[in-house]
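Everything on this sheet refers to the single structure shown next.
Every number here is computed from the coordinates shown, using simple stated rules; none is lab data. Note that the coordinates shown come from a computational prediction; the quantities given were computed from them, not determined experimentally. Glycine gets a Cβ as well: all are built from the backbone with ideal geometry, and neighbour counts include every protein chain shown.
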Amino acid sequence: MKLRMSLAALVSLAGCSLLALAQAPPAVKAAEASIDAEKIRAHVKFLADDLLEGRAPGLRGGDLASKYIATQFALYGLKPGGDDGTYMQQVNFFGMTVKRDTSTMSIVPKNGAPIAIKFGPDYVINNPRHEAVADIDAPIVFVGYGITAPEFGWDDYAGIDVKGKVVLIIVGDPPSDDPKFFGGKALTYYGRWTYKYEQAARKGAIGALIIHRTDLASYGWGVVEHSGSGEKTFLAEDAKPAVEAAAWIHHDVADKLFAASGLGATDAEVDAAGKKGFKSVELSVRLKAHIDSVVRPYESPNVVGILPGESKGKDQAVMYSAHYDHLGFVPGMAGDNIYNGAADNATGCGILIELARVWSALKPPHSVIFAAVTAEEQGLLGSEYLGQHPPIPSGQIALDLNYDDVEPFGDPLETSVTGAERTNFYPTLEATAKRFHLAIVADAHPEAGHYYRSDHFSMARVGVPSFSVGEGTLFVGHDAAWGLAKEDDYTAHRYHNFSDNYTPDMDFTSNAKLAKFGMELGWEALSAPKTVEWKSGDEFEKARLASLAR
């Protein structure tokens, strides 16, 4: 086949720096041009079909999705990158489903009657310790944002003992306009719920209640309720400490809790906790909870295929990633009970599969890895396992380009690549975006902390320069207001909801264009004389230097 030619010679002839690559060679450009929006559509249509029952990990639908993707990798001749010569990297999990009819939770004031609250509209809860039954009767300690960040001179746990107690925590970071203080408007990892639960456990708390507020969380209570009402999954071999009860509570419940403690309204307490000098305080209320759960040990695979590179020396691989799981379905529910996840993230999988098809026609200088990961919706768990058990050493992966929830809205004129600016690859990316007539736009909602909410973050944590490739809000034939309205409508009505379905009017031009853009970025990272690195002082630089030294 004419297209299947060696690129190693082209790389050596180029003799160019990371920043000087003007254009990919003809073989890469030809492969890139063959990326087909309708092929991406076909993959999305299948993966979002009711047959796959919402692609929940460890259930029939998730298994069907993983086998479908593995079959595509096999058809393209990729080398298996999973266990025992297969495409499947099996991950062991514990699934925890709270029994609503036998689980209870209430706030017990020092004086007065207990305040019963209802699972779903008032709170969601799970037990990360994989125990079928947990009973809690413990004091509640308000610890503000629940953050210990010595680099910012901030410690919400200073001077307070929370061992054996339940901590009450605000979602997000302390408010800031200073980029050097908790990232300014941008959310840091300290603001993520995963960090807050982990830190509470490290401090000895047995439970943690996160207060939801839409502006601070960047999504409404409905997203919390839908995401937290079904099975919650945990890595079986996770050695991190865990609380016995990990919960979110509705803003209205927080109002009741603070009132029963003789304090002000929730918003006033949030404001006070965001100022330096805040002191955590034990409240005059207790949490009483009985958590009755169904425990389901299970396996679910990451699907990994590798196109080996021609270089005989140390690899400088590029990884493309996307999660294939979604939220499954609600058994016995009348009407539409399937979280089909067409946008989130059948779209990313469609791009991943199409990239695997076109790359397989080439012989790259370094390896190209394709990873469809599981259990993203459960807290980036599949990619966390992949980062800890990569198919090649993490120091030999130059770049991870992740695709997650790429809306089929048409021909984009903007791209969002949040996190890329933290690497020395960014000037190359800027030049490539210009060739694709894509303006690079800042994250429209930096307070949402998107960088810490998708699978590239798991790879960044082990040092691999990583970011997601997404679109902005400006599309051919429309103004930015149109794109923003479409995005806001999706967030309000379809994100993590039963209505995230495939429809024939979806325009996959956006997915194809961002796939082409990602292919060229991948080529540039593969052909660069030096591997990609984080900028000096970045939070992931230390992990990168350690991986490169191995």
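Below, the figures for the structure above:
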quantity	calculated
Dipole of the chain [Lys/Arg +1, Asp/Glu -1 at C-beta], most positive-end residue of VAL476, TRP154, VAL133	TRP154
Charged-residue dipole, Cβ positions (Lys, Arg, Asp, Glu), segment 96-295 about Cα centre, Debye nearest 20	240
Exposure proxy order (Cβ contacts within 10 Å, fewest to most) of ILE206, ILE392	ILE392, ILE206
Cα gyration tensor of the chain - equivalent ellipsoid semi-axes, whole Å, descending	41, 25, 22
Span per principal axis, largest first, for the Cα atoms of segment 311-468 (Å)	57, 35, 34
Proxy reagent accessibility, fewest Cβ within 10 Å first, across VAL167, VAL295	VAL295, VAL167
Out-of-range pairs (alpha-carbon distance over 19 Å; input LYS256/LYS276; LYS110/LYS256; LYS180/LYS279; LYS118/LYS203)	LYS256/LYS276; LYS180/LYS279; LYS118/LYS203
Linear extension gain, THR71 paired with LYS276, 0.36 nm per residue minus alpha-carbon span	68.3 nm
For segment 96-295, with +1 on Lys and Arg beta carbons and -1 on Asp and Glu, the positive-most of VAL166, PHE234, ILE249 along the dipole	VAL166
Across LYS232/LYS486; LYS185/LYS232; LYS312/LYS363; LYS165/LYS275; LYS363/LYS516, pairs whose alpha-carbon gap is larger than 20 Å	LYS232/LYS486; LYS185/LYS232; LYS165/LYS275
Cα centroid separation - segment 291-350 against segment 28-73, whole Å	10
Normalised contact order of the chain, rounded percent, pairs of Cα under 8 Å and 6 or more residues apart	22
Given charges at beta-carbon only (K, R positive; D, E negative), |dipole| of segment 129-168 in Debye	40
DSSP bridge orientation in segment 96-295 - percent antiparallel, rounded to nearest 5	65
Using a Förster distance of 25 Å, the FRET efficiency for LYS240-SER176 (Cβ separation, nearest 0.05)	0.35
Stokes-Einstein diffusion coefficient of segment 96-295, Kirkwood radius over Cα pairs, 37 °C, 0.692 mPa s, in µm²/s	194
The chain, helix-only ellipticity at 222 nm - DSSP H runs n ≥ 4, -39,500 (n - 2.57), divided by all residues, nearest 500	-8500 deg cm²/dmol
Ordering of 489-497, 107-115 by burial proxy (mean other Cβ atoms within 10 Å per residue, highest first)	489-497, 107-115
Test item: Cα-centred dipole of the chain, Lys/Arg +1 and Asp/Glu -1 on Cβ, debye	1340
Trypsin sites (Lys or Arg not before Pro) within segment 299-365: DSSP coil, no more than 15 neighbouring Cβ in 10 Å	LYS312, LYS314
For segment 346-482, with +1 on Lys and Arg beta carbons and -1 on Asp and Glu, the positive-most of HIS450, THR418, PRO364 along the dipole	PRO364
Convex hull volume per residue in cubic angstrom - Cα atoms of segment 209-285	140
Förster-model FRET efficiency, 51 Å R0, GLU151 and ASP505, C-beta, rounded to 0.05	0.60
Those GluC sites (Glu not before Pro) in segment 199-282 that DSSP places in a loop and that have at most 15 other beta carbons within 10 Å	GLU237
Where GluC sites (Glu not before Pro) fall in DSSP loop in segment 446-539, at most 14 other Cβ within 10 Å	GLU539
Share antiparallel - DSSP beta bridges, segment 345-491, percent rounded to 5	40
Ranked MET459, MET105, MET333, criterion: other C-beta atoms within 10 Å, fewest first	MET333, MET105, MET459
